[in-house]
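Asker: One structure follows; several queries about it will come next.
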There are 2 protein chains.
Amino acid sequence: MKINYSPGILSLLPLFYVGWSDSMLGPSERNLIMEKINKMPHLSKEDRALLNSWTDQRNPPDQHIFKSWIQAIKENEKHFSTAKKSSLIELGLDMAKQSSEQKNVGFQSSAEVIQSLQELEKTLGFEESLQSSLLFETLHWQNQSDGPEHSNHLGDILDGAYADIQGKIRQLLQDPFFRNKDIRLKEAYRERVLAQVKELAKQGLGAYAFPKEYGGQNDPLLNTVIFETVALGDLSLLVKFGVQFGLFGGALYMLGTKKHHDQYLSQTARLELPGCFAMTETGHGSNVRGLETTAKYNRETGQFTIHSPHVDAGKEYIGNALHAKMAVVFAQLIIDEEQHGVHAFLVPLRDEQHQDLPGIKVEDNGYKVGLNGVDNGKIWFDQVQIPRENLLDKYGSVSEDGQYSSPIKSATKRFFTMLGALVAGRVCIALASNTASKKALNIAIRYALKRRQFSQSKESEETLIMDYPSHQHRLFPKLAKSYALHFALNDLRTMYAEKLSSGDMRKVESLAAGLKAVASWHARDTIQEAREACGGKGYLAENGLADLKADTDIFTTFEGDNNVLLQLVSKGLLTEFKEQFQDGGFMSILRHLGDRLSTSISEANPVSRRNTNAEHLLSQEFHLQALEYRENSLLYSLANRMRTFIKRRLHPNETYKLVQNHMINLAIASIESYCAKSIYKAINALDDTDQRKKLTRLARLYCLDTIYERRGWYLEQDYLSGSKSKAIRKQISYLCNKIRPDARMYVDSFNIPEVLLSAEII
Amino acid sequence: MKINYSPGILSLLPLFYVGWSDSMLGPSERNLIMEKINKMPHLSKEDRALLNSWTDQRNPPDQHIFKSWIQAIKENEKHFSTAKKSSLIELGLDMAKQSSEQKNVGFQSSAEVIQSLQELEKTLGFEESLQSSLLFETLHWQNQSDGPEHSNHLGDILDGAYADIQGKIRQLLQDPFFRNKDIRLKEAYRERVLAQVKELAKQGLGAYAFPKEYGGQNDPLLNTVIFETVALGDLSLLVKFGVQFGLFGGALYMLGTKKHHDQYLSQTARLELPGCFAMTETGHGSNVRGLETTAKYNRETGQFTIHSPHVDAGKEYIGNALHAKMAVVFAQLIIDEEQHGVHAFLVPLRDEQHQDLPGIKVEDNGYKVGLNGVDNGKIWFDQVQIPRENLLDKYGSVSEDGQYSSPIKSATKRFFTMLGALVAGRVCIALASNTASKKALNIAIRYALKRRQFSQSKESEETLIMDYPSHQHRLFPKLAKSYALHFALNDLRTMYAEKLSSGDMRKVESLAAGLKAVASWHARDTIQEAREACGGKGYLAENGLADLKADTDIFTTFEGDNNVLLQLVSKGLLTEFKEQFQDGGFMSILRHLGDRLSTSISEANPVSRRNTNAEHLLSQEFHLQALEYRENSLLYSLANRMRTFIKRRLHPNETYKLVQNHMINLAIASIESYCAKSIYKAINALDDTDQRKKLTRLARLYCLDTIYERRGWYLEQDYLSGSKSKAIRKQISYLCNKIRPDARMYVDSFNIPEVLLSAEII
């Protein structure tokens, strides 16, 4: 059925076509649309009546009408250049012009008409650059294929300055020597992993963070890159590698002094001295200050006695416990009954024949969810004597006659400085978590680009599961988050390396804690989703996801329990907040911030809270503002609540307990905001416009998905209107649709060698 | 500091005390409070000024003021009876009266005063029965201990009519013969599990669903109870048990006819004929209609030829593949090139010596995430000949001369009837999922009632982690959901058994699909949270959660992928919806429903959307209405969108693709609403008031947590106001606090023998 529409109608057809394309034109939108249309100067009464009939959700345009629109648009397609495809309005006006050449209607250049069309466009929420491509995509709807683009188009951006070392490790790990498949018995598995760690040590990879004189590179930054990349291989290997060089070696280096370095660091870096890091006790995990192992100084012998007072004061989950010759043991330093807090001590565990030394008892922790190539165990000390020199004494030392001294007066500050010196562990686990997420996304997305299921008819080929919107929704927001985390972790790494030399580590510690929590939960959720997205295939060990899931599961609770870490982050934010406003006093700060927030709610917001314009929704400005607003607002209300409790003289611990959930939410909000800033910073620094465009899509999806996930909060706060929240949902769908053709490119850019994915299905 | 407050102030003190107890009095609440206070007739100007100073969030009542309130309230405590503790207002008036006896102020019985106080109470959102106990709890704040109550107080309600058979199985499974700990090598593990299934068969437990003449009990209902209870043991055992009796035996019984039953059913029930269920193919999982294995009828020989046309048409993930003698094979029935759709055939796999028969090729699927005691494998058929009688011909048969006949004309209907006959599998997996959730909750909650971490001071004992609000928030809503699912699954089970005899299974199929998806995801999330809540201990195999997680992980994708199942549920709802309004035509239905919905939004809602009164928030009425509203509203908008697409003559598959996410949301909403109805139905049938009270708390928590999780949607729809959403959050906290003292009782009521939890930590 060919219908000759009037020029006025034609000018609006492209907008109507896109507006109805997902059949989501709601009743509330109808009134807004008709309001705009009734004001348009170039429409006749008949035009308005017809358009009105097309906005009725209860009686939507039927097949014939819809086809007539398509026909009219396609007819015009030949007339306009692809350059003009950039605007639905231009297209509509062009269509009107083509027809009006016969009819002499000349509103195409009227500023008033153009403005009124633009207003309608905003009401419908179409983005300038998105709209017409969407139009042509839906006009020519078809199952999208994988596309010709199989390149790692963003790979150089992701690798950045670290391409060399990453390339080297990727190459190395592909050697069959590093493959561990289906080794079910822990004993055999552990021996194999030990040999593999030795090989990495031989390559000098364990020593990067150490000074050159001990065989290292003095490069803590590259050290984190190595860890991140070794995470592409077997994670038992990674963890054992981390225990030896990061935890044992790191403690030796960061908490010890020259005498310890001279004696042990080179051996440690070469794995000639296998060591373990004995901090956690059965009874004390998160509460490190409450550790019960004691280290009493004996003035007569000049020795410390390391002792586990009861069974639950034994060290537990200690990696390398069965292979280690020596342990860094965290214990309460006691001199003459006076406690000086937790300190670290070097305690020899085994003799040359690898027999336990007197007073040492080690027990295997047995099988675990995963990481069965790591020999985790429990260790107890029964009055074990060690020389005075074995105290790692950078932050506290004991003289021969039993005098305690420390460069840091406050015991609390000393404790946190010591823990802070070990921050690299959290940075590394955050990075390794994201490596694991990238592997899982790679497997699941590549499988979805091969796997077909269900067809439209008996004749037609089945649909690629990647073409199902629900499948895109399951995987693409997680892909976007892995990208955002990638840049955030890069920023964290850089800041860590800078601050290591310059001093104040508090910001680094806080960020590392927060990013470790967020990245490890992201890995947990992403691997789980990837496993399910591969169905039965995902459940088979041969496809890699089983081990990936099992091995990374502990990342959420080791190197600090995520829930505890997030509370640390919020404590850090509260402290920073207080310091920032130190002069004015706490109350004036609150007043100031409260005023600022209420201004942004009551004044700035009414303008933007209902703004469903796509340009706005997709803008960096909106994303960063919204995420920062959440962070600031949660911080403000938390500070306010805390102050009330404090005024009431509640014990601080009691206060923290009452605001725990609030603190966890704030910490997550601050990390989410940080990730958004990082990815946009990376984008803003790019020259290549195509790379910018491709990365921007992910940044937008990350931000909008995050805001949408938190929409309950934003709506409660009246920061978003209901219609804006719905408009965000639409944009998320559009973005998934735009990302789909490049899906393979996005995962290829992670530069993960196929053999390291160890997945038969891809 | 003792302050003598005026009677007016005293009348309000309890309300102020509770209002400030969590320091969450927001600025928006202040205006509302002052508005009410300014209208109160019994307050002096000074009273009002003082109260005004107490509502300033920026300058909240300090420690001294707060203590003076406590003092005033405690002083009065001796005067009033515990009965009076039921209302904050009565307490306040009582306090005023005590003081006014000297001062002769007599407003205590003024209706106007009481009413104005009640209005303020509503504004503050305190529940009648909750408020005063909260007051006394916070007045006498202390670390709560485990409490004396260690009973399974709700156990008889949960077990209900099935206590006998459950007791028997619980007893049986405790026998050391059924323990499988750390059997790492699949071959050994599988042999052990096979022996265990044989033992269950010996006890007659595999045959309950079969007729008595074949050794059964003709009791499909008890059959599901058995499966649910066997799930307390090793899940490899459960799955192998299910494959043999539920899938193989079930298909034989439900799809076969008397000749098949006579020949095979007794042997099957005794596990003398180990069988497998060969439906899924590598290339076709969810799309069962697209299976590619063929069964061609050969008129000359009177045989079917079973054939796998290519490698991906092989059967995969088939449980019992290595032990089975025979398979039920689903294949495309072809007679003279004509396809009759998928049918089930009995295909012998192995001879007496357990050698593969000619044309049969079986391959081990290898190690999996979990369930390594089950021998999953791949099976290919190379022109395998079977006699005509081996077609399971209840729904379609082939005569000797190759005539096809079926009691069901429509091929589509026939296909779905055949699949529907196998619905018991989904019912059982849903039940087993919830058993797994209960085990995980039991372990995590009992650990949290033992584990202490961090203390207020060096002297005081560390806090039980169950007393941290964040820990309660992690576990209690999941506990509540497991209870709600328990009753929903019970209702499903009953409906299943009823409908089996009476006919129309569609509702049962739809509910089974939805509950299977929701219950298996709940298990996934609950076990994961429990694992993390136990920290490093949760990661150790010795504490049970590792296997529980690994074994149940496949529940989300087998017996139907959850995402696909939920779309089935929504298709069912759409069909039901259409049938319901068949006479009026689709458009009039929509108009009708649309009017009804918009009425409930625009008229009913403004009253309730802002109602933050606790009585309302905690009411069954609000819960059921809100959850049903979401279901109806999503159904309405889905039907509307579908109709628009259909008008446009989009292919139905294309249409479904575009509304996939909408369908998944609708299905989940309908199951959530169903669960709420089920648990309230169970509560309403209870006589025991204490049991009612205890169960009601969980029902409330389940409903409010569900609504709160979906608050983004409710706020978008303007069904909830922002302040109501916040009030719900508060109620969730209060409920967690109320549930805390009974935590042990709630998990003890699951009646899980300690040895079956197989967790060292509890």
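Nothing in this text is a laboratory measurement; each read-out follows from the coordinates by a stated rule. The model shown is predicted, which means the values in this text are computed figures rather than measured ones. Virtual Cβ from ideal backbone geometry, glycine too; neighbours counted across all protein chains shown.
Asker: Please average, across the residues of A:469-475, the number of beta carbons from any other chain that are within 10 Å of each residue's own beta carbon, and give a whole number.
Answerer: Mean shielding count: 4.
Asker: Given the pairs A:LYS368/A:LYS439; B:LYS181/B:LYS681; A:LYS378/B:LYS198; A:LYS168/A:LYS413, which are separated by over 30 angstrom at their Cα positions?
Answerer: B:LYS181/B:LYS681; A:LYS378/B:LYS198; A:LYS168/A:LYS413
Asker: Using alpha carbon centroids, what distance separates segment A:173-245 and segment A:334-365, in Å?
Answerer: Distance between centres, Cα-based: 26 Å.
Asker: On a straight-distance basis, which aspartates and glutamates could pair with A:LYS67 in a cross-link, Cα separation under 19 angstrom, same-chain partners fewer than 8 positions away excluded?
Answerer: A:ASP22, A:ASP47, A:ASP56, A:GLU75, A:GLU77, A:GLU137, B:GLU654
Asker: Just from the alpha-carbon atoms, what are the Rg and Dmax of chain B in angstroms?
Answerer: That works out to 30.9, 112 Å for Rg and Dmax.
Asker: Relative contact order of chain A: what whole-number percent is it, with Cα pairs under 8 angstrom and at least 6 residues apart? Provide the component values of the computation, followed by the final result.
Answerer: Numbers: 1153 pairs, mean separation 104.6, N = 762.
In percent, rounded to a whole number, it is 14.
Asker: Still on this structure, I have one more. With point charges of +1 on the Cβ of Lys and Arg and -1 on the Cβ of Asp and Glu, referenced to the Cα centre of the protein assembly as shown, which listed residue (A:LEU618, A:THR494, A:THR301) lies farthest in the positive direction of the dipole?
Answerer: Sorting the options by dipole projection puts first A:LEU618.
Asker: Right, something else. Only bridges whose two residues both fall in the protein assembly as shown count here: according to DSSP, what percent of them are antiparallel, nearest 5?
Answerer: 80
Asker: Along Cα-to-Cβ, 7 Å out, sits the label point; list in nm, shortest first, how far the one on B:GLU754 is from those in the other copies.
Answerer: 5.5
Asker: FRET efficiency for B:ASP364 and B:VAL755, Cβ-Cβ distance as r, R0 = 35 Å, nearest 0.05?
Answerer: The formula returns an efficiency of 0.65 here.
Asker: Taking R0 as 30 Å, what FRET efficiency do you get between B:ASN298 and A:GLN456 from their Cβ-Cβ distance, rounded to the nearest 0.05?
Answerer: After rounding to 0.05, the efficiency reads 0.35.
Asker: Can I ask one more? Hey, for A:ASP62 with labels 7 Å out along Cα-Cβ, what do the inter-copy distances come to in nm, ordered shortest first?
Answerer: Shortest to longest, the spacings are 7.7 nm.
Asker: What do the square roots of 5 times the Cα gyration tensor eigenvalues come to for the protein assembly as shown, in whole Å, largest first, as semi-axes of the equivalent ellipsoid? Don't skip to the end; give the middle numbers.
Answerer: Values: eigenvalues 488, 405, 279 Å².
For the protein assembly as shown, the semi-axes come out at 49, 45, 37 Å.
Asker: Treating the point 7 Å from Cα along Cα-beta-carbon as the label, what are the nm separations from B:SER44 to the other copies, to one decimal?
Answerer: Reported distances to equivalent positions: 8.0 nm.
Asker: What's the average, rounded to a whole number, of partner chain beta-carbon atoms within 10 Å of each residue's beta-carbon in A:715-726?
Answerer: Values: counts 11, 11, 2, 4, 1, 3, 3, 8, 1, 1, 4, 3.
Whole-number average of other-chain Cβ neighbours for A:715-726 is 4.
Asker: About the Cα centre of segment B:319-391, how large is the charge dipole given +1 on each Lys and Arg Cβ and -1 on each Asp and Glu Cβ? Please answer in debye to the nearest 20.
Answerer: Details: 6 positive and 11 negative charges, 63 e Å.
The dipole magnitude comes to about 300 debye.
Asker: On to the next question. Give the dimensionless ratio obtained when the Cα radius of gyration of segment B:666-721 is divided by 2.2 N^0.38 Å.
Answerer: On the way: Rg = 13.3 Å, N = 56, 2.2 N^0.38 = 10.2 Å.
Cα Rg divided by the expected 2.2 N^0.38 Å: 1.31.
Asker: Here's a follow-up. Quick one: Cα centre-to-centre distance for segment A:298-314 and segment A:707-762, in angstrom?
Answerer: 54
Asker: Evaluate the Kirkwood expression for the hydrodynamic radius of segment B:426-757, namely the inverse of the mean inverse distance over all pairs of different C-alpha atoms, and round to one decimal in Å.
Answerer: With all distinct Cα pairs of segment B:426-757 included, I get 21.3 Å.
Asker: Of B:LYS296/B:LYS361; B:LYS240/B:LYS481; A:LYS478/B:LYS240, which pairs sit farther than 24 Å apart, going by alpha carbon to alpha carbon? Intermediate values should be presented prior to the final figure.
Answerer: Values: B:LYS296/B:LYS361 19 Å; B:LYS240/B:LYS481 28 Å; A:LYS478/B:LYS240 35 Å.
In this structure, B:LYS240/B:LYS481; A:LYS478/B:LYS240 lie more than 24 Å apart at Cα.
Asker: Mind checking the dipole of the protein assembly as shown: about its Cα centre, +1 per Lys or Arg Cβ, -1 per Asp or Glu Cβ, Debye to the nearest 20?
Answerer: Numbers: 186 positive and 184 negative charges, 474 e Å.
Approximately 2280 debye in magnitude.
Asker: I want to check the label-to-label distance for B:GLU199 and B:ALA685. Put each point 7 Å from Cα in the C-beta direction and report it in nm to one decimal.
Answerer: With each label point 7 Å from Cα toward Cβ, the separation is 3.5 nm.
Asker: Mind pulling the per residue volume of the convex hull built on the Cα atoms of segment B:275-417? Å³ is fine.
Answerer: Spread over its residues, the Cα hull of segment B:275-417 gives 113 Å³ apiece.
Asker: Loop only by DSSP, 15 or fewer other Cβ within 10 Å of the Cβ. Give me the GluC sites (Glu not before Pro) in segment B:372-479 that pass, ordered by residue number.
Answerer: B:GLU400, B:GLU459, B:GLU461
Asker: Going by C-beta contacts inside 10 Å, put B:SER749, A:SER619, B:SER286, A:SER11 in order with the fewest on the left.
Answerer: Final ranking by Cβ density, sparse to dense: A:SER619, B:SER286, B:SER749, A:SER11.
Asker: Could you tell me the distance between the Cα centroids of segment B:394-458 and segment B:469-523, to the nearest Å?
Answerer: After rounding, the separation between the Cα centres reads 10 Å.
Asker: Sum -39500 (n - 2.57) across every DSSP H segment of at least 4 residues in chain A, then divide by the residue count to get the 222 nm mean residue ellipticity, nearest 500.
Answerer: Working: 32 runs with 422 residues, N = 762.
Only helices count here, giving -17500 deg cm²/dmol.
Asker: Let me ask you something else. Hey, got the dipole for chain B? About the Cα centre, +1 on K and R Cβ, -1 on D and E Cβ, debye to the nearest 20?
Answerer: Result for chain B is approximately 1280 debye, rounded to the nearest 20.
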